[in-house]
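For reference, the structure is listed below as C-alpha cells.
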Amino acid sequence: MTLLRSMLIVPALQPKLLDKAARSAADGLMIELEDGVHASRKAEARAAVAKFIRSADFGTKEVTVRINSVFGNEGPEDLHALVDAGVPSVMLAEVRGPKDLEVAGDLLARAEHAAGREIGSVGLWSMVETAAAVQNIDEISRMPRLRGLAFGGGDLSSELRVRRIGIGGDRVIWDYPFEHLYSKERLIIAARAAGLKAIDTGWANMYDAEGTAFCARASAQLGFDGSFVISPRQLPPIHGEFTPSERDIEWAQKVVAAAEEAEAVGETVRVVEGQMTDGPFVRSAFQILQRANEAVERAAEVERLQQKALEPAK
C-alpha cells in the first residue's frame with residue numbers, strides 16, 4: 001500500500017503512546033530518537049525503540065525512526081540497534097547533502113551484515129530542513145536506499161531567519177507559509193522525479209482542527225503525499241484533506257468511463273463536465289481512484305489492529 005497521508009511523530013520514551021500509535025489510524029509513524037530525547041537518555045530510548053520494533057504489529061504502516069547524527073557517537077549506535085531489531089527504515093535529520101546519506105548507507109551496510117539482513121534492505125528518509133539540503137536536493141533525491149523526503153519547516157525557518165516560525169504562527173501578509181513555497185516546490189519536484197514519497201511539516205497546534213485542515217489542504221494542493229502529525233487528534237482533518245472526496249471520485253469515474261469509450265472507437269479525447277479530457281486527466285483520475293481504494297483498505301486494517309488489541313492475551 002502506498003498511502004501515506006499522515007506520519008505520526010511518536011516519542012521513544014513513552015511506551016503507552018508507542019503502543020497506541022501502532023494501532024492508530026495514522027498511515028505512518030516516525031519514532032523520535034533525535035531532538036525529542038535528552039542526551040542523558042539516548043541509550044535508554046534506543047533500547048526502548050528496538051524492543052518496540054521487535055514486538056509491535058504495524059500492519060502496512062510506513063514505519064521509520066529519526067536517528068541521531070551519523071557523524072556523532074549516537075547515530076551509529078542507533079543504526080546497529082535498530083537494524084538488529086528489524087527496523088524497515090531510518091530518517092536522517094539536518095541533512096546538508098548527499099554525503100550524509102552516503103555515510104548512513106555505509107553504516108547501514110555494516111549493521112545489515114552484522115545482523116544477517118540483506119544488504120540494502122533498510123531504507124532511508126531524508127529531512128529537508130537546511131538551506132544546504134534545499135540547494136542539494138536533486139543530488140540527495142538520487143541517493144540509494146532513499147524512500148522519501150520530509151520537509152522540516154521549523155529548522156529551516158530558523159536557518160533562513162524568517163520573521164515567524166513557519167509552523168502554526170500568525171503571518172502579516174498571508175495565512176499560508178509563503179516563506180517556504182520555493183523550498184517545498186523544490187522538494188516536490190525532486191521527489192516526483194526520483195519516485196519518492198513527500199511529507200510536509202504539518203500544523204504545530206494539535207488542538208486547532210481548522211488550522212490543521214487548512215495546512216493539509218495547502219500541502220495536498222502542492223502535491224505532498226501527506227504531512228507530519230503530532231497528535232492522533234489531528235488525523236481526521238488531515239486524512240479528510242488528503243483523501244479524495246466523493247466529488248473527486250465521481251469526476252474520476254466519469255473520466256475513466258469516457259476514456260474507455262474513446263479507446264473503444266480509436267479516439268483519445270472526450271468532454272467531461274465541459275472539459276476536454278485526454279491522457280493527463282485520465283492518469284489523474286486513476287490516481288484518485290487508487291488513493292480512494294487505499295483509504296478504504298487502510299480503514300479496514302486499522303479496525304483489525306484495534307480489534308486485535310482488545311483480544312485477551314494468550
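Every number here is computed from the coordinates shown, using simple stated rules; none is lab data. The structure presented is a predicted model; accordingly, all values stated were derived computationally and were not measured. Here the Cβ positions follow ideal geometry from the backbone for every residue, glycine too, while neighbour counts run over all protein chains shown.
Over 16 Å apart: what share of the alpha carbon pairs of segment 1-88 falls there, rounded to a whole percent? In whole percent, the share of Cα-Cα pairs in segment 1-88 beyond 16 Å is 48.
For segment 246-310, the relative contact order comes to 33 percent (Cα pairs under 8 Å, sequence separation of at least 6). For the chain, the Kirkwood hydrodynamic radius comes to 20.7 Å, computed from all pairs of different C-alpha atoms. On a 0 to 90° scale, report how tilted helix 181-194 is relative to the longest principal axis of the chain, with both axes built from alpha carbons and the result rounded to the nearest 10. Relative to the chain, helix 181-194 is tipped by roughly 90 degrees. Taking Cα atoms only, the orientation of helix 98-115 departs from the longest principal axis of the chain by about 70 degrees. For the set 16/308; 42/197; 20/61, the pairs lying more than 22 angstrom apart at their alpha carbons are 42/197.
Taking other Cβ atoms within 10 Å as a rough exposure proxy, 127, 276 sort from fewest to most as 276, 127. Only helical runs count toward this figure. For the chain, summing -39,500 (n - 2.57) over DSSP H runs of n ≥ 4 and dividing by all residues gives -16000 deg cm²/dmol at 222 nm.
Sequence-distant contacts, meaning Cα pairs under 8 Å at least 6 residues apart, place the relative contact order of the chain at 16 percent. Converting phi to 3J(HN,Hα) with the Karplus coefficients 6.51, -1.76 and 1.60 and the offset θ = phi - 60°, segment 140-150 yields 4, 5, 9, 6, x, 6, 5, 10, x, 10, 10 Hz in sequence order, with x at every glycine or proline. Within segment 1-153, the ratio Rg/Rh, alpha carbon atoms throughout and Rh by Kirkwood, equals 0.93. Applying both filters, DSSP loop and at most 11 other Cβ atoms within 10 Å, to the trypsin sites (Lys or Arg not before Pro) of segment 23-86 eliminates every site.
Computed 3J(HN,Hα) for segment 11-26, one whole-Hz value per residue from the Karplus formula 6.51 cos²θ - 1.76 cosθ + 1.60 where θ = phi - 60°, is x, 5, 9, 10, x, 5, 5, 4, 5, 5, 4, 4, 9, 6, 7, 4, glycine and proline marked x. If you bin all the Cα-Cα distances of segment 246-310 at 5 Å, starting from zero, the percentages per bin are 3, 17, 22, 16, 12, 8, 7, 6, 4, 3, 1, 0.
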